[in-house]
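*Asks:* Before anything else, here's the structure in question.
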């Protein structure tokens, strides 16, 4: 009963707050005309939304300053840090570079510049992993289970900032090498999925008829089975074929995920292609007597580039997550190769230490966070590109 | 009429549009006075700011535009500074808008009547049932067929002209004081257009509604407007009442607009009987959907070297289908297409490279006919490389030559994308691509109908020049008889997939005509403000447009 009263009280307060904000906004003559018009034409519900936003920020401030918990403080600090980095990155982009790139950065929202920054950082980490990482990914040290933090007083070791895992491998090095393995394999897989998907999709769009029917029905059949379960099933078979050859397992995994994901790419490229093949310039090219490959690669592909690129970003995230999930389940990327999915699984027991040593408990979250951060970054960039190419508002 | 009270007062209206990170002025200070019951015609080329001004009269600007200066006063209410609630209470109720494409403006998921009554119910003008009754009355006044039941159809179940009238009825639903018509008949056939014009004019007169009529067609505006304002690139050129404007235009620009329709190429004599035609269509029957929907019935005509054959008819008459049969995109059921006396394979895939090269096509919409991701050099260069085998500098030289012929400065245009060109320039590139194949025969499918009159005339002149230079044969598909008058040597009239009448132009434009040809000819608006009145008197309100066409 008491809770109910609280809820009613808060809702009433928010509604009153919304009304107050709008009335104040209308009464006070703001310096900009835009702001005045904004308050003048503001619907009541929007002003309540504004009140809810202010309320939420109030709660954040309360938990950050007055009743801090370590994970929450890290999250807020991280958010602020990333926002500042993105802002500086965008600012640099606006000042340095060619006229074209400067213009691009000027029109860029902060989220997109954040995404681009993340992608660049990940790419550098993946490419130069061997130089950046303090140790090799397969190096085993005598000291196992060293706690993170680097302070000997709390069971750490300055030589292993993030500590070592139960076998004695340096965790920082493995996270860095994980970028190379997980991201690299995901990239190859996505490229392969696109090669298969777009070729078949455009072919179906141009030719139509039985080719379209055949490929579409095959794709339907593949899509009818839940993707992860299907991948698991096929991977079980592939693991049996490959035996103990870890490299071969990885190759099979790439092929399986590429084929399964190409079904989604096929759907998109067929739909985009169908809109393009009805254009008069395709008819003109057909009447000129052009070959099929010219039609696909010279006439259709350049026009389908924008939606496909956006899809590439999204698809990359999904592939990436599928690989991490498979690795987490133990049939993806095989040890001793470092991989974020596997690391989450290997280190997951540490989460039990949350009450005593928050930093230790954060270890599995770091690998998971590395995955999440890239996914978020890529999605930001994709959103921005979609907006740019389609003229979509909001 | 002008003694009535002032309804809309626009003073020194300036509108800016945002592009490339800066605000550019697109309307530079326009004044409008509109009294109750008065119709103002706004005319000008595309980009003159007609539609922008029309929307600003409602206190509205498109995304990325803003009213930077000036005032818009509607019945004493300042629309520029009015708040959203005030505007909401005016729009739809006292100011209504009729858009160019009714098909795109109706919600396809709702019946016409449901959309019709939305406004009146929202604004508490009528109850739903009253509004429905009123809607039926309006449909009757607009002479829609079966007014009791047409409102219960979905937008795709009525024709374009009917939809445009239903939209006018919808704008009338709240009995507004002002209606803005934004090119309401531009997308329609001549025969349909005339019906819409007659009914719009009727209803505007009956309810004493003021209107702003936006169009680029002078002859149309002459029928509709009490006074005309001519715009050029956001500036007002001149304003006068319709009769004065037509008889005594003051400014040179206005005179040039009036003069456009004067281009006329000398008609060439018919080819000798014995001469082999470049293209000969013989008894062609064609159908879509694997023979189920028959669209062409026994179509035959010849096209001789150096001659232009205009194929006219309303949409759905089979003009474009005939072109598809010639190009081989739609193999005919029976009958043949001969080229220089040799029968062509029915399907374009079976034709050899040289046969494909000889017949080229220019499309109506240059926007969809040119690949937006290729530069002009690539677009024109491809047929040069593909058919003539030229590459490298030889190819570039040939492309530059072609651009020169088309009166486009090669160095300036060769590396541009189609989106960086104007409509007329794009159409020239389309011509260039056809010409690059060095063909004997070109099909021009409504090449000027998407263009302004001045630009269209330029294209026609270019086509005529090219024909004389290279002895080209043209098949000119159009529904615009003014174009036919200016460029054709022979005319073929089509209706419902049949050739109704064919012959040399001078004969075709002189009576006696076939009834359908007569309908087409009489439906072309003329620059005389009394033209529509006279026509209605002559033919009667029920003997124009679709109604008349279905009687034949």
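*Asks:* Considering each of A:215, A:189, A:236, A:199 in turn, give the residue that is in the same structural domain as residue A:317 (by TED's automatic domain parsing), in contact with a helix residue (DSSP H, G or I) (Cβ under 8 Å, 6 or more places away or on another chain) and within 18 Å of residue A:342 (Cβ to Cβ).
*Replies:* Selected residue: A:189, the only one of A:215, A:189, A:236, A:199 that is in the same structural domain as residue A:317 (by TED's automatic domain parsing), in contact with a helix residue (DSSP H, G or I) (Cβ under 8 Å, 6 or more places away or on another chain) and within 18 Å of residue A:342 (Cβ to Cβ).
*Asks:* Here's something else I'd like to know. Which numbered condition in (1) part of a loop (DSSP other than H, G, I, E, B); (2) within 14 Å of chain B (Cβ to nearest Cβ); (3) surrounded by fewer than 11 Cβ atoms within 10 Å (Cβ to Cβ) is the only one that residue A:34 fails?
*Replies:* (1)
*Asks:* So which residues in the range B:155-172 are without any contact (Cβ under 8 Å) to a residue 60 or more places away in the chain and not in a helix (DSSP H, G or I), if there are any at all?
*Replies:* Across the range B:155-172, the qualifying residue is only B:158.
*Asks:* Of the residues in the range B:463-480, how many are in contact with a helix residue (DSSP H, G or I) (Cβ under 7 Å, 6 or more places away or on another chain) and surrounded by fewer than 21 Cβ atoms within 10 Å (Cβ to Cβ)?
*Replies:* Residues in the range B:463-480 being in contact with a helix residue (DSSP H, G or I) (Cβ under 7 Å, 6 or more places away or on another chain) and surrounded by fewer than 21 Cβ atoms within 10 Å (Cβ to Cβ): 2 in total.
*Asks:* Which numbered condition in (1) surrounded by fewer than 22 Cβ atoms within 10 Å (Cβ to Cβ); (2) touching a residue at least 12 places away in the same chain (Cβ under 8 Å) is the only one that residue B:319 fails?
*Replies:* Here residue B:319 meets the rest and fails (1).
*Asks:* Here's something else I'd like to know. I'm told residue B:136 meets every condition in (1) touching a residue at least 24 places away in the same chain (Cβ under 8 Å); (2) buried (at least 16 other Cβ atoms within 10 Å of the Cβ); (3) at negative phi except one. Can you identify the failing condition by its number?
*Replies:* With (1) touching a residue at least 24 places away in the same chain (Cβ under 8 Å); (2) buried (at least 16 other Cβ atoms within 10 Å of the Cβ); (3) at negative phi applied to residue B:136, the lone miss is (1).
*Asks:* Residues in the range B:519-528: is at least one over 19 Å from residue B:361 (Cα atoms) and touching a strand residue (DSSP E or B) at 6+ places or on another chain (Cβ under 9 Å)? Don't jump to the end; show me each part of the working.
*Replies:* Start the filter on the range B:519-528 by keeping residues that are over 19 Å from residue B:361 (Cα atoms), which leaves B:519-528.
In the following step, the residues that additionally are touching a strand residue (DSSP E or B) at 6+ places or on another chain (Cβ under 9 Å) were identified as B:520.
The answer is yes, given that some residue of the range B:519-528 is over 19 Å from residue B:361 (Cα atoms) and touching a strand residue (DSSP E or B) at 6+ places or on another chain (Cβ under 9 Å).
*Asks:* Determine whether residue B:416 is surrounded by 21 or more Cβ atoms within 10 Å (Cβ to Cβ), under 25 Å from residue B:48 (Cα atoms) and away from every other protein chain (no Cβ under 14 Å).
*Replies:* no
*Asks:* Taking the range B:78-96 on its own, how many of its residues are assigned to a strand (DSSP E or B) and either within 24 Å of residue B:22 (Cα to Cα) or in contact with a helix residue (DSSP H, G or I) (Cβ under 7 Å, 6 or more places away or on another chain) (or both)?
*Replies:* Looking only at that region, the number is 1.
*Asks:* Here's something else I'd like to know. Output the number of residues of the range B:497-520 satisfying the condition of being under 18 Å from residue B:297 (Cα atoms) and part of a strand (DSSP E or B).
*Replies:* So the answer is 5.
*Asks:* Related question: Which condition number does residue B:438 fail, the rest of (1) under 17 Å from residue A:282 (Cα atoms); (2) touching a residue at least 12 places away in the same chain (Cβ under 8 Å) being met?
*Replies:* Here residue B:438 clears every test but (1).
*Asks:* Across the range A:176-211, what is the number of residues that are in a helix (DSSP H, G or I) and over 17 Å from the mean Cα position of the chain (by Cα)?
*Replies:* The initial filter retains those residues of the range A:176-211 that are in a helix (DSSP H, G or I), namely A:176-207, A:209-211.
Next cut, over 17 Å from the mean Cα position of the chain (by Cα) only: A:176-177, A:192-207, A:209-211.
The qualifying residues number 21.
*Asks:* Among the helices (runs of 4 or more DSSP H) confined wholly to the range A:212-294, which include 1 or more residues that are within 14 Å of chain B (Cβ to nearest Cβ)?
*Replies:* It comes to A:246-277, A:280-288.
*Asks:* Another one. Here is a check on your reading of the model: is residue B:309 within 26 Å of residue B:426 (Cα to Cα), buried (at least 19 other Cβ atoms within 10 Å of the Cβ) and under 29 Å from the mean Cα position of the chain (by Cα)?
*Replies:* For residue B:309, the condition - within 26 Å of residue B:426 (Cα to Cα), buried (at least 19 other Cβ atoms within 10 Å of the Cβ) and under 29 Å from the mean Cα position of the chain (by Cα) - is met.
*Asks:* Continuing with this model, one more query. How many of the residues making up the range B:198-219 are surrounded by fewer than 24 Cβ atoms within 10 Å (Cβ to Cβ) and either in contact with a helix residue (DSSP H, G or I) (Cβ under 8 Å, 6 or more places away or on another chain) or farther than 23 Å from residue B:9 by Cα (or both)?
*Replies:* Of the residues in the range B:198-219, 13 are surrounded by fewer than 24 Cβ atoms within 10 Å (Cβ to Cβ) and either in contact with a helix residue (DSSP H, G or I) (Cβ under 8 Å, 6 or more places away or on another chain) or farther than 23 Å from residue B:9 by Cα (or both).
*Asks:* Hey, another quick one. Just to be sure, is residue B:40 within 24 Å of the chain's Cα centre (by Cα), under 21 Å from residue B:204 (Cα atoms) and more than 14 Å from every other protein chain (Cβ to nearest Cβ)?
*Replies:* Yes, satisfied.
*Asks:* While we're here: So which residues in the range A:102-147 are within 14 Å of chain B (Cβ to nearest Cβ) and under 24 Å from the mean Cα position of the chain (by Cα), if there are any at all? Quick ask: steps written out before the conclusion?
*Replies:* First pass over the range A:102-147, keeping only residues within 14 Å of chain B (Cβ to nearest Cβ): A:102-108.
A:104, A:105, A:106, A:107, A:108, listed by residue number.
*Asks:* Moving on to the next point. If a residue must be surrounded by fewer than 17 Cβ atoms within 10 Å (Cβ to Cβ) and farther than 18 Å from residue B:211 by Cβ, how many such residues does the range B:4-27 contain?
*Replies:* Residues meeting the conditions: 10.
*Asks:* Residues in the range B:70-109 that are farther than 29 Å from residue B:161 by Cα and away from chain A (no Cβ under 13 Å): how many?
*Replies:* Result for the range B:70-109: 11.
*Asks:* Within the range B:443-454, is even one residue at pLDDT below 90, in contact with a strand residue (DSSP E or B) (Cβ under 6 Å, 6 or more places away or on another chain), within 14 Å of chain A (Cβ to nearest Cβ) and under 30 Å from residue B:272 (Cβ atoms)?
*Replies:* The answer is yes; a qualifying residue exists.
*Asks:* Here is a follow-up. Looking only at the range A:16-31, filter to residues that are part of a helix (DSSP H, G or I) and touching a helix residue (DSSP H, G or I) at 6+ places or on another chain (Cβ under 6 Å); which one of those is farthest from residue B:79 (Cα to Cα)?
*Replies:* Filtering the range A:16-31 for residues part of a helix (DSSP H, G or I) gives A:16-27.
Checking which are touching a helix residue (DSSP H, G or I) at 6+ places or on another chain (Cβ under 6 Å) leaves us with A:17-18, A:21-22, A:25-26.
Values: A:17: 31, A:18: 28, A:21: 26, A:22: 23, A:25: 22, A:26: 19 Å.
The selected residue is A:17.
*Asks:* Checking residue A:308 against (1) free of Cβ contacts under 8 Å to residues at least 60 places away in the same chain; (2) part of a helix (DSSP H, G or I); (3) within 14 Å of chain B (Cβ to nearest Cβ), which single condition isn't satisfied?
*Replies:* Of (1) free of Cβ contacts under 8 Å to residues at least 60 places away in the same chain; (2) part of a helix (DSSP H, G or I); (3) within 14 Å of chain B (Cβ to nearest Cβ), only one is false for residue A:308: (1).
*Asks:* For the range A:75-113, what are the residues that are surrounded by 15 or more Cβ atoms within 10 Å (Cβ to Cβ) and touching a residue at least 60 places away in the same chain (Cβ under 8 Å)?
*Replies:* Across the range A:75-113, the qualifying residues are A:108, A:111, A:112.
*Asks:* Name, by its number, the condition in (1) at pLDDT below 85; (2) buried (at least 20 other Cβ atoms within 10 Å of the Cβ); (3) not in a loop (DSSP other than H, G, I, E, B) that does not hold for residue B:48.
*Replies:* The failed condition is (3).
The values are calculated or read from the model by the stated rules, or taken from the named source; none is laboratory data. Since the structure is predicted, the reported quantities are computational estimates derived from the model, not experimental observations. Positions of Cβ are backbone-derived with ideal geometry, glycine not excepted, and every protein chain shown enters the neighbour counts.
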